[in-house]
Amino acid sequence: MYGNVGSQPGVQQSQTSLPPNPFGSAFNVAGSGLIRGGLGAYGGKILGSSSEYVQSNISRYFSDPQYYFQVNDQYVKNKLKVVLLPFLHRGHWTRITEPVGGRLSYKPPIYDINAPDLYIPLMAFGTYVILAGLSLGLHRKFSPEALNLLFIKGLLGWFMQAALLKVTLLSLGSGEAPLLDIIAYAGYTFTGICLAVLGRIILGYSYYFLMPWTCLCMGVFLVKTMKRVLFAEVRSYDSSRHHYLLLFIALVQFPLFTWLGNITINWLL
Amino acid sequence: MTNKEFKVPPVAFPSAGNPASAGPNLQQRRMPTPPFQPNSGIPFMSFDIGSAAASTSSGPIYTGPAVGAGGSANFDDEEPLLDELGIHPDQIWSKIRSVLNPFRVNHTVHKDSDLSGPILLYMSFCLFQLLAGKIQFGVILGWIVVSSIFLYVVFNMLAGRTGNLDLHTCTSVVGYCLLPVVIFSALSLFLPVDGVIRLSVAAVFVLWATRASAGLVVSLADGGDEHRGLIAYASFLIYTLFSLLVIF
């Protein structure tokens with residue numbers, strides 16, 4: 001029995017050792033050479049093209065966010081006046097440009113009242129959340145969960161406003177405005193809503209006067225601003241279509257403001 | 001009667017005998033082959049088990065004394081537990097006292113930022129809210145994180161290239177300046193639930209916290225001097241949010 005067991009493994013070992021040596025070594029050498037060369041060539045191309053693609057998209061959609069925060073107290077006060085009382089804005093609505101590096105660039109907000117910023121939208125959104133909490137509390141309905149829901153409702157409103165402006169620009173054949181510009185313009189919505197909600201907290205009946213007024217002011221502000229954005233981008237002029245779409249933007253402000261200004265626990269209403 | 005008694009035993013014996021005779025025969029035939037193979041295998045296994053047991057027994061004996069010797073040698077030289085954890089009670093107390101002064105906050109003691117003081121204040125805040133019947137541990141801690149990130153983003157964006165406020169310092173300042181709100185939450189346990197009194201007291205404490213926070217942030221980091229008002233408004237939003245938890 002011992003002799004038989006010993007002989008069988010020996011035979012198997014000899015059989016397995018002989019065949020693979022030359023063929024295996026040949027395949028390994030050829031495969032490694034081909035794979036290394038191929039990966040090197042294709043890898044370089046893929047990385048190069050993808051990095052260029054990402055850079056172009058970043059520069060297209062996300063211009064420098066630092067630009068939108070170059071503000072001071074004076075600009076904030078003046079901008080709030082323009083947003084809340086657009087009828088009293090005597091100057092023009094065109095943004096100031098300056099040649100930088102061989103191409104025209106817009107001046108930062110600190111030097112141009114018509115330039116959009118992100119500080120006022122951000123603070124207005126925060127104020128909206130605080131005032132919503134205060135309003136809920138005065139009606140005995142405050143809870144952290146309700147405040148979180150209103151935060152989400154505010155973000156949803158901001159997104160819908162930005163989507164409205166973006167779709168309007170795209171439908172008019174102009175999609176070149178930076179995304180942060182659109183977000184900034186949409187964020188100014190909350191300044192009017194904060195004013196209306198604050199009025200309701202202080203004096204209940206003033207809400208029914210302030211809400212239509214702030215809707216109208218925001219509508220006028222957006223029409224003026226979008227008109228400038230369109231004229232800066234679109235060379236061809238189709239007056240009837242432009243006017244209808246701008247009027248549509250102004251009219252949509254009324255339901256949007258009403259929805260965002262309705263502070264309740266049921267955030268769908 | 002006697003005939004029946006005699007007849008039963010003879011019937012039982014033949015029926016029991018047949019399977020008994022068959023069983024032993026089969027067992028005897030099966031027995032010879034299995035015993036040989038296990039007998040040959042068992043001695044090898046027993047030897048291996050014995051050697052393994054010997055090796056395992058020797059290991060712990062050698063390693064035990066070394067561990068004991070090492071522990072006894074290092075224990076005397078260890079730092080105090082608070083120092084090792086990075087908690088300095090005297091530093092925390094001096095920072096709290098600086099925030100307690102509502103008119104002039106000493107910003108030099110806040111140069112070294114830490115998070116143990118803020119955590120102490122968070123726990124106190126949660127405790128006072130718990131005494132008021134509100135379980136808001138998760139809400140308070142979550143909103144602290146969001147508020148710190150919010151102030152950090154706003155400050156560094158406003159300051160531009162010269163902004164050097166880091167998130168650790170920002171979280172430390174926001175946490176320490178929450179002290180007025182914590183005091184308000186303790187005080188609110190004795191205030192009437194309804195009325196203008198609660199709102200007025202809240203306004204005083206929020207302005208106090210806002211002033212301390214804006215002053216500290218502007219003095220601790222660069223680039224914030226010309227944006228003090230804008231940064232103060234961001235701080236105002238943060239502490240108003242926390243005071244809402246106390247008021248309602």
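The values are calculated or read from the model by the stated rules, or taken from the named source; none is laboratory data. No experiment lies behind these values; they were computed from the predicted model shown. Note that each Cβ is placed from the backbone with ideal geometry, even for glycine, and that neighbours are counted across all protein chains shown. Quick note on the areas: whole protein, heavy atoms, side chains included, nothing else; ligands and nucleic acids left out. Shrake-Rupley method; radii C 1.70, N 1.55, O 1.52, S 1.80 Å.
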Enter the mean number of other protein chain beta carbons within 10 Å of the beta carbon of each residue in A:121-133, as an integer. 4
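With contacts defined as alpha carbon pairs under 8 Å and 6 or more residues apart, what's the relative contact order of region B:112-245 in percent? Each step should come with its number before you reach the end.
On the way: 145 pairs, mean separation 39.2, N = 134.
Computed value for region B:112-245: 29 percent relative contact order.
What's the magnitude of the charge dipole for region A:116-261 around its Cα centre, counting Lys and Arg as +1 and Asp and Glu as -1 at the beta-carbon? Answer in Debye, nearest 20. The partial results should precede the final answer.
Numbers: 10 positive and 6 negative charges, 60 e Å.
Result for region A:116-261 is approximately 280 debye, rounded to the nearest 20.
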With an 8 Å cut-off on Cα pairs and a minimum separation of 6 or more residues, tell me the relative contact order of region B:189-248 in percent. 37
Suppose R0 equals 30 Å. What FRET efficiency, 1/(1 + (r/R0)^6) with r the Cβ-Cβ distance, do A:Asn72 and B:Val146 give to the nearest 0.05? 0.70
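Tell me, in nm to one decimal, what length is gained between A:Phe254 and A:Ser206 on full extension, where the rule is 0.36 nm per residue of separation less the Cα-Cα distance? Walk me through the intermediate numbers first.
Working: separation 48, 0.36 × 48 = 17.28 nm, distance 1.66 nm.
Separation in residues times 0.36 nm, less the Cα-Cα distance, equals 15.6 nm.
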Taking only C-alpha pairs under 8 Å that are 6+ residues apart, what is the relative contact order of region A:116-261 in percent? 29
Report the one residue of A:Trp213, A:Phe151, A:Leu180 whose Cα lies farthest in the direction of the positive end of the charge dipole of region A:116-261 (charges on C-beta: Lys and Arg +1, Asp and Glu -1; origin at the Cα centre). A:Trp213
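If you place +1 on the Cβ of every Lys and Arg, -1 on the Cβ of every Asp and Glu, and leave all else neutral, what size is the dipole of region B:112-245 about its Cα centre, to the nearest 20 Debye?
Numbers: 5 positive and 7 negative charges, 71 e Å.
That gives a dipole near 340 debye.
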Less than 12 Å Cβ to Cβ from B:Ser185, Lys/Arg counted +1 and Asp/Glu -1: what total charge do the surrounding residues give? +2
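Can you compute the FRET efficiency between A:Ala163 and B:Glu84 using 1/(1 + (r/R0)^6), with r the Cβ-Cβ distance and R0 = 51 Å? Round to the nearest 0.05. Mind showing how you got there, number by number?
On the way: r = 53 Å, r/R0 = 1.05.
The pair A:Ala163/B:Glu84 has a calculated efficiency of 0.45.
When the solvent-accessible surface of protein heavy atoms is calculated with a 1.4 angstrom probe, in what order do B:Ile144, B:Ile87 fall, highest first?
Descending accessible area places them as B:Ile87, B:Ile144.
For region B:112-245, count the residues as N, evaluate 2.2 N^0.38 Å, and divide the Cα radius of gyration by that value, please.
With N residues counted in region B:112-245, Rg over 2.2 N^0.38 Å equals 1.05.
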Separation of alpha-carbon centers, region B:160-196 and region A:154-213, rounded to whole Å: 30
Charges on Cβ only, +1 for Lys and Arg, -1 for Asp and Glu, centred on the Cα centroid of region B:112-245; of B:Phe236, B:Ser148, B:Ser185, which one is farthest towards the dipole's positive end? B:Ser185
Of the candidates A:Ser135, A:Thr225, A:Ala124, the farthest towards the positive dipole end of region A:116-261 (Lys/Arg Cβ +1, Asp/Glu Cβ -1, centred on the Cα centre) is A:Ser135
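With r defined as the distance between the Cβ atoms of B:Ala203 and A:Leu247 and R0 fixed at 35 Å, what FRET efficiency is calculated, to the nearest 0.05?
0.20
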Debye intensity ratio in log₁₀ form over the Cα atoms of region A:116-261, taken at each q of 0.17, 0.18, 0.21 Å⁻¹: -0.92, -1.01, -1.27
